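See below for the structure under consideration.
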Amino acid sequence: MRSFMRNLPPPAWLRTFEAAARLGGFTAAAEELRLTPAAVSQQIRALEAQLGYPLFRRLPRGVSLTELGQAYVPAVRRAFDDLSSATAGLFGVAQGRPLVVRAPPSFSFLRLAPALGGFRAAHPGIAVRLCSATWAETAPEERVDIDIRYGDGRWTEAEIHRLTASGSVLVAPPGTSFGPGPRADVRALAALGAIHIIGCESFWQLLGRTEGLAEAEIACALSVDSSAAALELVAAGQGVSLIAPDLAEPMVRAGRVVIAPGVLLEHEQAHYAVLPAQSDRRPEALLFRDWCVAEFAASP
């Protein structure tokens, strides 16, 4: 083992390699690492010499990864992420700054807040600041360390982890009669009043086309800006609404709403954990990401 450890490249060389690979060039890596481009080039050449294989192709303008370089990048990145996570998990928050987590209000209220005690018990040295924003574009008061978003996952960030199932279920007030068949009558349910969620109005239009309903049959009875508000209205008997399954789950368990049997509207929207660029990533955020993936993947 000692002989093997002595053969590992110096961490500084590996960090330089990862930065150059991620940023696509030695100059950009030098700016991020506060080195000169010549120092970056020298470290990469030393790493290649120790490994015995080229990691970059030198081009007239810039560089590109070789096949071996492309294969090596994920392993190096995982190693640094694992080391960062282990350090934060064992020794707490060195910066003394809380971990800032941003999430949509409904996800914060219905899913994240009730489960957050599990993360705090596992990592008591990490203070968490939870802030809410309905839309990802909303500017936070401070830098966000990990962002939980609702959408199709097609954002510009490099690292995006899906947390929940996509699609929507149709929720109705307790005691709603669905009839004898295995599938609810969507037309009859829509007649109770369609509660629309601002930003997701197209879901009702899509359901209407799928079920062959006229536009008048799914007219908006009420419009709200969050799934939590829609669920409260449904629980109060004010109508029915299309809700993400993970958000409906707590209210269903509590017996406050029911899911219409056999009705699942398929679309790509779901909740995702989004991490900032590698250079801005805190080890505590990696721990929180891993906890989120495990916590919400285990949910029904």
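The values are calculated or read from the model by the stated rules, or taken from the named source; none is laboratory data. Every value quoted in this text rests on a predicted model; they were computed, and no experiment measured them. Reconstructed Cβ throughout: ideal geometry from the backbone, glycine too, with neighbour counts over all protein chains shown. Just so you know, the surface numbers come from the protein's heavy atoms only, side chains and all, with ligands and any DNA or RNA stripped out. Shrake-Rupley method; radii C 1.70, N 1.55, O 1.52, S 1.80 Å.
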Rounded to 5, percent antiparallel among DSSP beta bridges of the chain: 60 percent
The chain, accessible surface, carbon-and-sulfur percent (1.4 angstrom probe): 56 percent
Dipole in debye (nearest 20) - the chain, about Cα centre, beta carbon charges: Lys, Arg +1; Asp, Glu -1: 1200 debye
Share, in percent, of DSSP beta bridges within segment 161-300 that are antiparallel, nearest 5: 60 percent
For segment 188-267, accessible area per residue (1.4 Å probe, heavy atoms of protein chains only), Å²: 44 Å²
Rel. contact order, % - alpha carbon contacts under 8 angstrom, at least six apart, segment 219-300: 21 percent
Among SER227, VAL293, LEU242 the positive-end extreme of the charge dipole of segment 214-300 (Cβ point charges): VAL293
Amide H contacts of GLU159 (H built 1.01 Å from N, under 5 Å, at least 5 apart or other chain): LEU275
Overall form of segment 164-236 per C-alpha gyration tensor (a/c, 1.5; a/b vs b/c): rounded
For segment 233-238, Karplus couplings with θ = phi - 60° (6.51, -1.76, 1.60), whole Hz, Gly/Pro x: 5, 4, 4, 7, x, 8
Built amide H within the under 5 Å cut-off of SER223, gap 5+: HIS196
Per-peptide average of other Cβ atoms within 10 Å, ordering 165-177, 211-223 highest first: 165-177, 211-223
